[in-house]
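Let me begin by presenting the structure, written as structure tokens, before commenting on it.
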Amino acid sequence: MKACEQKQSVLVWDFPVRVFHWLLLISFSGAWLTSESEAQQMIHYAFGYSSCALVVFRIVWGVVGTRYARFGQFIKGPREILTHLKALLKGKLHQGLGHNPLGALAMVALMGLVLLIGLTGYGNVKEFLGDLMGEAHEFIANVTLAVVAIHVAAAFIMSLVQKENLVRSMFTGRKHGLPEEAIRFPQYLIGLFLILAWGYFFYLVVSSAIPELTQ
């Protein structure tokens with residue numbers, strides 16, 4: 001085998017994708033942990049709305065981002081998902097460095113659920129439809145927590161099956177692949193901008209600078 005054909009550590013996940021992933025985890029966890037405290041209500045709002053803002057960014061980045069960040073690269077239809085599931089049950093692993101079809105489905109589901117949590121949370125703040133929005137908000141949050149737990153468990157299981165630490169790859173951005181499969185630019189400036197924008201938006205919400213969202 002030629003050296004150029006040998007697998008090595010290559011850059012797959014750009015910096016904005018990694019920042020989005022971990023900031024969303026922080027935001028969702030923070031919103032969950034502060035959900036029952038009246039004293040931390042503004043912090044709860046800030047984490048919740050920040051989660052939604054992150055998802056909006058990810059939708060945009062899924063269109064204009066780097067190779068493996070784009071939805072067109074990893075979102076598959078029902079037939080492809082079913083084929084992947086059957087192959088997985090037979091012990092055949094997904095070929096490719098991006099999200100596998102099931103992982104992509106979980107990711108899209110989580111993004112949709114986070115937006116629904118934000119929408120119902122906003123409706124609850126505005127007392128729209130009485131207690132219905134509050135009940136829906138709590139129910140969807142619980143469903144999302146279950147999906148997150150499944151997603152995390154799947155990441156650890158697939159790390160063992162594929163003999164590659166998928167959690168670490170979301171920190172480093174690197175996986176084992178061929179040199180020509182790597183992305184060229186990590187997009188550090190956009191990732192840094194995302195961190196600063198998230199922090200600034202969080203501050204605006206928690207300081208009541210956007211009363212339309214919290215009153």
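Every number here is computed from the coordinates shown, using simple stated rules; none is lab data. All values reported here derive from a predicted model rather than from experimental measurement. Positions of Cβ are backbone-derived with ideal geometry, glycine not excepted, and every protein chain shown enters the neighbour counts.
Nearest 10 degrees is fine. How inclined is helix 131-162 to the longest principal axis of the chain, computing both from alpha carbons? So the inclination is approximately 20 degrees. Taking every DSSP helix (H) stretch of at least 4 residues in the chain, weighting each as -39,500 (n - 2.57) and dividing the sum by the residue count yields a mean residue ellipticity at 222 nm of -22500 deg cm²/dmol.
Evaluate the charge dipole of segment 3-214 about its Cα centre and quote only its size in Debye, nearest 20, assuming +1 on the Cβ of each Lys and Arg and -1 on the Cβ of each Asp and Glu.
Dipole about the Cα centre, nearest 20: 1160 debye.
Taking a ≥ b ≥ c as the square roots of the eigenvalues of the Cα gyration tensor, segment 148-215 is oblate, since a/c reaches 1.5 or more and a/b is not larger than b/c.
Descending by average beta-carbon neighbour count within 10 Å, the peptides 49-56, 81-88 line up as 49-56, 81-88, the highest first.
Need one word for segment 48-207: rounded, prolate or oblate. Basis is the Cα gyration tensor (sqrt eigenvalues a ≥ b ≥ c); a/c below 1.5 gives rounded, then a/b vs b/c decides.
oblate
In terms of distances greater than 22 angstrom between alpha carbons, the cross-link table entries K92/K163; K90/K163; K7/K163; K76/K163; K86/K163; K7/K92 yield K76/K163. A Förster radius of 25 Å, combined with the Cβ-Cβ distance separating I195 from I75, puts the computed FRET efficiency at roughly 0.45.
Shape of segment 21-63 from its Cα gyration tensor (a ≥ b ≥ c, root eigenvalues): rounded if a/c is under 1.5, otherwise prolate when a/b > b/c, or oblate? In terms of gyration-tensor shape, prolate. Leaving out same-chain residues fewer than 8 places away, which aspartates and glutamates sit with a Cα under 19 Å from that of K126? Qualifying aspartates and glutamates at Cα under 19 Å: E36, E38, E135, E138, E212. Enumerate the amide H contacts of A182 below 5 Å, restricted to partners 5 or more residues apart or on another chain; note that Pro and chain-start residues carry no placed amide H. Answer set, sorted by chain and number: none.
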